[in-house]
Amino acid sequence: MPSSVPRHWRENIKRYRLLGTKCASCGTIHYPRRTVCPSCKARELEEYQFKGSGKIYSYTIIRSPPEGYEFCKPYAAALIELEEGEIVTAQLTDCNFDDLEIGMPVESVIRRMFAYGESGIIVYGYKFRPILPRM
Amino acid sequence: MKTIKDVGIVGYGAYVPMYRIKNSDIARVWGNDPVRVPVKEKSVPGPDEDACTIACEAAKNSLLRAGIDPHSLGAVWVGTESKPYAVKPTATIVAEVIGATPAINAADWEFACKAGTEALQGAFGYVGSGMAPYALAIGVDTAQGQPADALEYTAAAGGAGFIVGPAEESLAHYEGSYSFVTDTPDFWRRQHEHYPKHASRFTGTPAYFYHVTNATRRMCDELGKEPNDYDYVIFHQPNTKFPMAAAKMLGVDKEKVIPGLISPYIGNTYAGSSLVGLAAVFDVASPGESVLCVSYGSGAGSDVFSFTVTEKITEVRDKAPNLKSYVGRRLEIDYATYARYRGKIRM
């Protein structure tokens with residue numbers, strides 16, 4: 001698999017921090033980041049830091065992953081409805097498939113997304129896990 | 001050693017992966033006695049975890065407790081012997097993840113199991129000299145244990161981060177520290193090798209015990225204290241036996257060691273080992289109580305720190321998950337799954 005270092009570098013902050021945008025005009029928040037607000041067409045957008053918590057909107061189990069993701073198969077891929085209302089696609093981690101259910105509260109963590117073999121770059125980014133029970 | 005300015009720890013946070021393998025299962029696979037094992041079980045990183053991801057969660061938890069703007073950090077230093085890249089810093093990834101870049105110093109430190117406390121010692125100096133208002137030091141490892149080797153029973157994963165800042169904001173006041181090193185080759189890993197080698201029993205008396213006891217006694221002499229004056233004492237914990245034996249040599253009561261002795265439940269987290277123990281103690285210590293933390297790193301040396309817990313601990317403790325939450329979150333896996341997750345099957 002060919003690696004595109006500049007492409008991953010450009011997307012680092014988005015993947016690391018769940019950074020989106022908020023429209024200064026109508027207050028709508030977006031993920032991924034936008035340059036024009038899809039709600040009111042305003043161009044004045046400010047950076048918005050998502051809290052990183054949400055719930056499972058829908059999910060599926062991936063048993064035949066694309067190249068580069070085999071190291072963690074099988075894994076769950078989900079649509080996560082963030083606390084702020086936006087829906088993002090992400091992998092679930094640290095979970096027992098039998099326990100997963102729509103509406104389950106989850107939180108974001110940083111994990112290895114994939115690596116370009118033994119010698120290429122390692123790509124990190126957000127995944128979601130069931131909320132850590134506090135003791 | 002003491003700093004010019006009064007400093008302390010203003011935030012701390014730990015992380016331990018959820019997977020566990022029982023020592024009895026490792027013993028079963030290699031035909032050894034499943035009863036005579038060094039710890040009950042050890043933590044195993046998931047397939048998408050490494051020293052960097054563990055450091056990121058420890059860093060985030062530290063920031064939650066410190067309540068500071070990440071941009072006010074002057075340094076992010078990661079001590080580890082399991083860097084995801086041989087060349088490329090882990091610390092820059094952690095600094096980017098927590099939003100502390102670009103006006104910051106970032107580096108990875110290496111000194112076997114004391115790389116984390118080495119970074120912490122540096123952080124006290126960096127903040128204590130006035131070069132930065134805050135500095136984050138993390139000790140973390142996903143330790144490598146060669147299949148069938150004695151260290152496979154304990155080589156585990158986990159880490160903890162500590163933010164050093166002004167004494168008036170601290171949850172634990174720094175009273176002094178000491179570093180004691182010699183050239184003692186008790187454990188090493190050569191370039192391009194997957195697994196470390198060790199000198200078996202040589203790792204005991206001339207290595208671990210010599211450095212741990214000397215460092216502790218010398219710092220205590222400087223501070224006019226005895227090791228048993230402290231309310232809590234944390235030693236580097238490669239197993240259960242070594243820290244308890246060190247306590248006995250130094251005249252420290254057993255019950256002062258137990259709250260920070262985590263290796264029986266998660267194994268040896270190497271550069272995270274004594275720092276995970278320190279996080280566990282901060283989870284339970286009360287204002288006014290004193291804490292002695294002693295690391296050990298092969299090669300070899302010890303760092304020792306003296307702290308007094310402040311009133312702030314009660315305000316910040318619950319702002320991030322405690323260590324018990326991570327230790328209690330466990331999913332047992334068998335040796336085959338562990339072998340796959342740890343890359344022990346080479347095709």
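FYI, it's all coordinate maths here, none of it is from the lab. Since the model is a prediction, treat every value here as computed from it, not as a measurement. Neighbour counts run over all protein chains shown; Cβ positions are idealised from the backbone, glycine included.
Measure of size requested: the Rg and Dmax of region B:173-313, with Cα atoms as the atom set and Å as the unit; please supply both.
14.9, 48
Nothing charged except the Cβ atoms of Lys and Arg (+1) and of Asp and Glu (-1): what's the magnitude of the dipole of region A:5-130 about its Cα centre? Round to the nearest 20 debye.
500
With springs only between Cα atoms under 10 Å, which of B:Gly159, B:Gly328, B:Gly260 fluctuates most in a Gaussian network model of chain B?
Judging by the Gaussian network model, the answer is B:Gly328.
Rg over Rh of chain B, using C-alpha atoms and the Kirkwood radius, what does it come to?
Using Cα coordinates only, the ratio equals 0.94.
Once you compute Rg and the Kirkwood Rh from C-alpha atoms, what is the Rg to Rh ratio for region B:272-315?
Radius of gyration over Kirkwood radius for region B:272-315 works out to 1.06.
Cα atoms only, region A:5-130: Rg and Dmax in Å?
Rg, Dmax (Cα atoms, Å): 15.8, 47.
Taking neighbour Cβ counts within 10 Å as the exposure measure, how do B:Leu64, B:Leu323 sort from fewest upward?
B:Leu64, B:Leu323
Contact order normalised by length for region B:173-313, with contacts defined as Cα pairs under 8 Å and 6 or more residues apart; what percent is it?
35
Regarding region B:28-184, what is the average projected area of its C-alpha convex hull, in nm²?
Projected over every direction and averaged, the Cα hull of region B:28-184 covers 11.4 nm².
May I ask you to compute the full-extension gain from A:Glu11 to A:Glu83, defined as 0.36 nm times their residue separation minus their alpha-carbon distance, rounded to one decimal in nm?
23.7 nm
Among DSSP beta bridges whose residues both lie in the protein assembly as shown, state the antiparallel percentage, nearest 5.
80
Quick one: among A:Pro38, A:Pro74, A:Pro66, which has the greatest mean-square fluctuation in a GNM of chain A with alpha-carbon springs under 10 angstrom?
It is A:Pro66.
Anyone know which of B:Ala95, B:Ala135, B:Ala148 comes out most mobile in the 10 Å Cα GNM of chain B?
Residue with maximal mean-square fluctuation among B:Ala95, B:Ala135, B:Ala148: B:Ala148.
Send over the per residue convex hull volume for the protein assembly as shown, Cα only, as a whole number of Å³.
150
Note down the magnitude of the dipole of region A:35-87 about its Cα centre, charges +1 on Lys and Arg C-beta and -1 on Asp and Glu C-beta and zero elsewhere, to the nearest 20 debye.
The dipole magnitude comes to about 220 debye.
What's the exposure ranking of B:Cys56, B:Cys220, going from fewest to most Cβ atoms within 10 Å?
Lowest count first: B:Cys220, B:Cys56.
Suppose every K and R has +1 on its Cβ and every D and E has -1 on its Cβ; what is the size of the dipole of region B:199-347 about the Cα centre, in Debye to the nearest 20?
It comes to approximately 860 debye.
With Cβ to Cβ distances under 15 Å as the rule, what net charge do the other residues near A:Ala24 carry (K, R +1; D, E -1)?
+2
What is the sum of charges around A:Arg129, taking Lys and Arg as +1, Asp and Glu as -1, for the other residues whose C-beta is under 13 Å from the C-beta of A:Arg129?
-2
How many lysine pairs does region A:5-130 hold where the Cα atoms are under 18 Å apart and the two sit 8 or more places apart or on different chains?
Step by step, the pairs that qualify in region A:5-130 add up to 8.
In what sequence do A:Ser25, A:Ser108 fall when counting other Cβ within 10 Å, fewest first?
A:Ser25, A:Ser108
What are the residues whose amide H is under 5 Å from the amide H of A:Ala76, where those residues sit 5 or more places off or on another chain and H is modelled from the backbone?
A:Ile62, A:Leu92
What is the gain in length, in nm to one decimal, between B:Met1 and B:Ser200 on full extension, counting 0.36 nm per residue of separation less the C-alpha to C-alpha distance?
Here the answer is 68.4 nm.
At R0 = 60 Å, how high is the FRET efficiency between B:Ala245 and A:Thr35 if r is their beta carbon distance? Nearest 0.05 is fine.
0.40
Residue by residue through region B:138-149, what is 3J(HN,Hα) from phi via Karplus (6.51 cos²θ - 1.76 cosθ + 1.60, θ = phi - 60°)? Round to whole Hz and write x for glycine and proline.
Per residue, the Karplus-derived 3J(HN,Hα) values read 10, x, 8, 7, 10, 5, 9, x, 5, x, 6, 6 Hz.
Need the list of aspartates and glutamates near B:Lys22 for cross-linking: C-alpha distance under 20 angstrom, and skip anything on the same chain fewer than eight residues off.
Reachable aspartates and glutamates: A:Asp94, B:Asp33, B:Glu41, B:Glu49, B:Asp141, B:Asp149, B:Glu152, B:Glu332, B:Asp334.
Residue separation times 0.36 nm, minus the C-alpha to C-alpha distance between B:Arg317 and B:Ile345: what's the value?
Extending this stretch completely gives an extra 6.0 nm.
Below 30 Å, Cα to Cα, which lysines can B:Lys5 reach? Residues fewer than 8 away in the same chain don't count.
Excluding near neighbours in sequence, the set is B:Lys60, B:Lys114, B:Lys225, B:Lys256, B:Lys312, B:Lys319.
Taking K and R as +1 and D and E as -1, what net charge do the other residues with C-beta under 13 Å from the C-beta of B:Ser62 add up to?
Spelling it out: positives minus negatives among the neighbours equals +3.
When the Karplus curve 6.51 cos²θ - 1.76 cosθ + 1.60 is applied with θ = phi - 60°, which whole-Hz ³J(HN,Hα) does each residue of region A:100-108 get, with x for Gly and Pro?
Couplings: 5, 7, 5, x, 5, x, 9, 9, 7 Hz.
Please report the antiparallel percentage of DSSP beta bridges with both residues in chain B, rounded to the nearest 5.
Looking only at bridges with both residues in chain B, the antiparallel portion is about 70 percent.
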